[in-house]
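> Let me give you the structure first, and then I'll get to my questions.
Read the figures in this text as sums done on the coordinates, not as results from a lab. Computed from a prediction, not measured in an experiment: that's the story for all the values here. Here the Cβ is made from the backbone with ideal geometry for all residues, glycine too, and neighbour counts use every protein chain on show.
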Protein chains: 2
Amino acid sequence: MSEQTRYLLGEKDIPKAWYNVQADLPSPLPPVIHPGTMQPIGPADLAPLFPMELIKQEVSQERYIEIPEPVRDVYRLWRPTPLIRARRLEEALGTPAHIYYKYEGVSPVGSHKPNTAVPQAFYNKQEGVRAMTTETGAGQWGSAMAMACNFYGLDLEVYMVKVSYQQKPYRRSMMEAFGANVTASPSEKTKAGRDVLAQDPKSPGSLGLAISEAVEVAATSGGTKKYGLGSVLNHVLLHQTVIGQECVKQFEMAGEYPDIMVGCIGGGSSFAGFIMPFVQEKLAGKKSTRFIAVEPTAAPSLTKGKYVYDFGDQAATIPLVKMYTLGHSFIPAPIHAGGLRYHGMAPIVCYLYDTKVIEAVAVQQNPVFEAAVTFARAEGILPAPEPAHAIKVAIDEALKCKQTGQKKVIAFNLCGHGYFDMAAYDDYFAKRLPDFEYPTAEIEKALAGLPQVPA
Amino acid sequence: MSEQTRYLLGEKDIPKAWYNVQADLPSPLPPVIHPGTMQPIGPADLAPLFPMELIKQEVSQERYIEIPEPVRDVYRLWRPTPLIRARRLEEALGTPAHIYYKYEGVSPVGSHKPNTAVPQAFYNKQEGVRAMTTETGAGQWGSAMAMACNFYGLDLEVYMVKVSYQQKPYRRSMMEAFGANVTASPSEKTKAGRDVLAQDPKSPGSLGLAISEAVEVAATSGGTKKYGLGSVLNHVLLHQTVIGQECVKQFEMAGEYPDIMVGCIGGGSSFAGFIMPFVQEKLAGKKSTRFIAVEPTAAPSLTKGKYVYDFGDQAATIPLVKMYTLGHSFIPAPIHAGGLRYHGMAPIVCYLYDTKVIEAVAVQQNPVFEAAVTFARAEGILPAPEPAHAIKVAIDEALKCKQTGQKKVIAFNLCGHGYFDMAAYDDYFAKRLPDFEYPTAEIEKALAGLPQVPA
């Protein structure tokens, strides 16, 4: 036991502020556009959905935003999370690279999602909100919101994509255990849901549609309910920077600095939260870390999408943002990594991709599960299908080091465990998992229908 | 954030030796009896099943037994585990008591079981064994053995109680992900299994029968396969003392000492591992901690069993030990806490109960799940049904403190999370969970059939 395996921090090391990369971007982010006027929106336009403190964070140019003490008080139920040196994986691969992973699966609901669910619930509570709505795909985000709303005594309605509602009853059970009310989407409760059901009573739903339902319920509640989103928005990414800030300290403990940082991207928040404090160093010209975003070929927003204005939801009701998108009507193939099945991408991640600060790669699901099993057999932890995308690329990079003899430091974000995803592993072992090529024709079709936004 | 919530130790604090309570018992444990001769057995009698190092540990009177460095090297994938002050639970209960829990659910397979699976696989590997067999009920132990055998390159056959094999396919998936071969028990692979199937082709199986099958395969393998047991035996309890030893240091950090320590008991190993270093202090007259073992009314070995010699397996093929037993033919009702559905109890735990060092209480499953949900909503973690038994009694004791105003320090062992047990929570919320009274008639019947062992 010569070298350290787990780099652990104490409660005093839980960050006291979130890091806001907007302060360090060379130019401002493109404005958010009102779907009615096609003009940039103001804070008042978002007020029906979000509490003012989150709207302020969404547009803030302050470099650091203080984390309220009651939020840190909840964070310490599982934070700081460990940074782990994957010594056994290195050995299994025979690579000279040093591989590290940040393990967010230690949170009570098993992923990074509570990092933002908790402050979102907190600010809503603080501004007198009594009830919230949200959507969830595979259930990670819904579970996190259920736990957070439970802590602050808020009611929660979750619109869960119907196919997941049926296939992942245990994620639903977890939300219900925390007292949330879970509805399969599309539902009869909203116009957006009824419209879809009228056309297709057997619709399996989609994340974009579940967002439309949750937003509609909040927007038409007369101010009694607000909405929470689990990724994409600036304030969500902001909250996730606790991940990367802890990593900075942990790499100091390890006496190393990452040459390559890898994360999976669906909406982009776990990846952003992991890399942002390191991006800061790169933007300042101090470091030259490579940041690799990994997406599924079935939903290749960065590698095959267009950098244009689009809606974040399927019903095209919420404000437009400039992002790499596959078109809001695009419905990704049913890969097991439900958290990565999204047509768009966080504007901040898109900005960094467009300016070549980060790079992106798309992978297919069988090689991803092969990497997941290699990792699990070496390190013991069964990863969720989403971060297994990052593992695949981290292993690829480690094997390149084996070829070249380079001793690079590779870090990836293990943003959640796979205990709720064992059916996916079953399918993989039974060779029932299809791989998906780039859905080029469907993407072109969905992109053709996008609105024109004046420059 | 004034008071500490999580008490974390570093890798250097992983214990260097296991604590063997046999060195401190006022009198020796009753001998183990050969099922053929009805005379005390010697080490050679156990050699077909276990490697010699584990047999030595089984009977050792040494106070400390060194943990091999390669075992500590695997332990550090998740150890030391946190001791957590349940401040939010205290607040929810309005109790002046200080409640702490040791959280073993952070292990890769989600329970305390790898603490012994890893050294068992290690010693087998060291003595040239290439393959192992074991049984599993709900799947916690099988998962741990699958992970451990995978680490040391050993083949593993798991006999999984058929009803669990069907109801908990995801535990099976996890074992298979680690490369284990899982067979539903009763099976056609063994005489024990075939005998049962001949009488009842639809037999749902039982833990005692799965043990018989796994033991038979090892015993008839001509020395090529050895067997691993997940509880009951002295060496298993020994390995689990890493839990309690870490707790000693963590309570020093907290500046407190437990007045009451609570754990659930099935075979008794997690409870024993948690309390033994504190039992040492009590046996030495230095402390007077109350130790409360919590069992289900459906399998009430300590509270309703008899302290006599009995077989550990249903087919009555393995050596007899003196224990509190319900009779090896007794089959507990299908409560969700599968890990507690065992007719016997670890001899060491029985000795301590007989000599009044520890006490015991039996509880029904609905109040247990009520306590589990109270805990989850306060602390975020959904406990497995087994440790929820301990939570129930810890909460009861904390509420007594609320009545009396006493500021007791109450600690319980949260030996695993409930991510694989969500169906049980569903049943609880749907009010589908039956409670079970003491099965007095069945116990009397099973006890009547026990063999007579000469005094």
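> What is the calculated FRET efficiency for A:ALA92 to B:TYR64, with r their C-beta to C-beta distance and R₀ = 30 Å, to the nearest 0.05?
0.35
> Using a simple spin-label model with points 7 Å from Cα along the Cα→Cβ vector, what separation in nm is obtained for B:ASP354 and B:SER27?
0.8
> Rank these for me by crowding, B:THR303, B:THR355, A:THR325, going from fewest to most other beta carbons within 10 Å.
Fewest-to-most Cβ neighbours within 10 Å comes out as B:THR355, B:THR303, A:THR325.
> Give me the distance between the Cα centres of segment B:381-427 and segment A:101-179, rounded to whole Å.
Going from one Cα centre to the other spans 23 Å.
> Just for chain B, what percent of DSSP beta bridges are antiparallel, to the closest 5?
Bridges in chain B that DSSP calls antiparallel: roughly 35 percent.
> Same structure again: Taking Cα centroids, how far is segment B:326-346 from segment A:35-97 in Å?
Here the two parts' Cα centres lie 47 Å apart.
> Please compute the alpha carbon radius of gyration of segment B:234-374, then divide it by the globular-protein estimate 2.2 N^0.38 Å. Two decimals is fine.
Rounded to two decimals, the normalised Rg is 1.07.
> Also: Compute the Cα gyration tensor for chain A, then decide on rounded, prolate or oblate, letting a ≥ b ≥ c be the square roots of its eigenvalues: rounded whenever a/c is under 1.5, prolate when a/b is larger than b/c in the other cases, and oblate in all that remain.
Taking the square roots of the gyration eigenvalues as a ≥ b ≥ c, chain A is rounded.
> In nm, give the distance between the simple-model label positions of B:LYS306 and A:LYS400, each being 7 Å from the Cα along the Cα-to-Cβ direction.
It works out to 7.2 nm between the two label points.
> Give me Rg over Rh for the protein assembly as shown, both radii from the alpha carbons and Rh done the Kirkwood way, two decimal places.
The Rg/Rh ratio comes out at 0.98.
> Here is the link list: B:LYS202/B:LYS225; A:LYS322/A:LYS356; B:LYS249/B:LYS287; B:LYS282/B:LYS400; B:LYS16/B:LYS282; A:LYS12/A:LYS249. Which ones come out longer than 18 Å on Cα distance?
B:LYS202/B:LYS225; B:LYS282/B:LYS400; B:LYS16/B:LYS282
> Rounded to the nearest 500, what is chain B's calculated 222 nm mean residue ellipticity when only DSSP H runs of at least 4 contribute -39500 (n - 2.57) each, over all residues?
That comes out to -12500 deg cm²/dmol.
> Which chain A residue puts its Cβ closest to the axis that rotates A onto B, and at what distance in whole Å?
Spelled out as residue then distance in Å, it is A:TYR419, 2.
> Which shape class, rounded, prolate or oblate, goes with segment B:291-365 when its Cα gyration tensor gives a ≥ b ≥ c as root eigenvalues, a/c under 1.5 marks rounded, and past that a/b bigger than b/c marks prolate?
Oblate is the answer for segment B:291-365, as a/c is 1.5 or above yet b/c matches or exceeds a/b.
> Further, regarding this structure: Volume per residue, Å³, of the convex hull around the alpha-carbon atoms of segment A:378-455?
It is 225 Å³ per residue.
> Past the 27 Å Cα-Cα mark, which pairs from A:LYS226/A:LYS304; B:LYS113/B:LYS431; B:LYS113/B:LYS392; B:LYS56/B:LYS226?
Where the Cα-Cα span goes over 27 Å, the pairs concerned are A:LYS226/A:LYS304; B:LYS113/B:LYS431.
> Starting from the Cα of B:PHE429, step 7 Å along the direction of its Cβ; do the same at A:GLU370; then give the gap between the two resulting points in nm.
Taking the simple label geometry, B:PHE429 and A:GLU370 are separated by 3.9 nm.
> Sticking with this one: Distance from a point 7 Å along Cα→Cβ of B:LYS189 to each backbone N in segment B:106-139: keep the residues under 12 Å and list them by number.
Zone members listed by number: B:132-136.
> Along Cα-to-Cβ, 7 Å out, sits the label point; list in nm, shortest first, how far the one on B:GLN406 is from those in the other copies.
Distances to the matching label points in the other copies: 6.5 nm.
> I would also like to ask the following. ³J(HN,Hα) across segment B:292-306 via Karplus (A = 6.51, B = -1.76, C = 1.60, θ = phi - 60°), whole Hz, x for Gly/Pro?
For segment B:292-306, the Karplus curve yields 10, 8, 10, 10, x, 4, 6, 9, x, 4, 6, 7, 10, x, 10 Hz.
> A:THR355 label points, 7 Å along Cα→Cβ, one per copy: pairwise distances from this copy to the rest in nm, shortest first?
Taking the point 7 Å beyond Cα along Cα→Cβ, the inter-copy spacings are 7.1 nm.
> Provide an ascending nm list, one decimal, of label-point separations from B:GLY36 to the equivalent residue in each further copy; define each label point as 7 Å from Cα along Cα→Cβ.
9.0
> Residues with amide H under 5 Å of A:HIS98's amide H, sequence separation 5 or more or different chain, H placed in the peptide plane at 1.01 Å from N; which?
Hits under the 5 Å cutoff: A:LYS408, A:VAL409, A:ILE410.
> If I take all pairs of Cα atoms in segment A:1-144, what percentage of them are more than 23 Å from each other?
The answer is 54 percent, as a whole percent.
> Then there's this: Which trypsin sites (Lys or Arg not before Pro) does segment B:146-252 hold that lie in a coil by DSSP with at most 11 other beta carbons within 10 Å?
Here the trypsin sites (Lys or Arg not before Pro) that fit, given the DSSP loop and packing criteria, are B:LYS202.
> With 10 angstrom as the radius, rank A:CYS264, B:CYS149 by how many other C-beta atoms surround their C-beta, starting from the fewest.
Ascending Cβ contact count within 10 Å gives the list B:CYS149, A:CYS264.
> Among A:PHE278, A:PHE375, B:PHE274, rank each residue by its count of other Cβ atoms within 10 Å, from fewest to most, as a rough exposure measure.
A:PHE278, A:PHE375, B:PHE274
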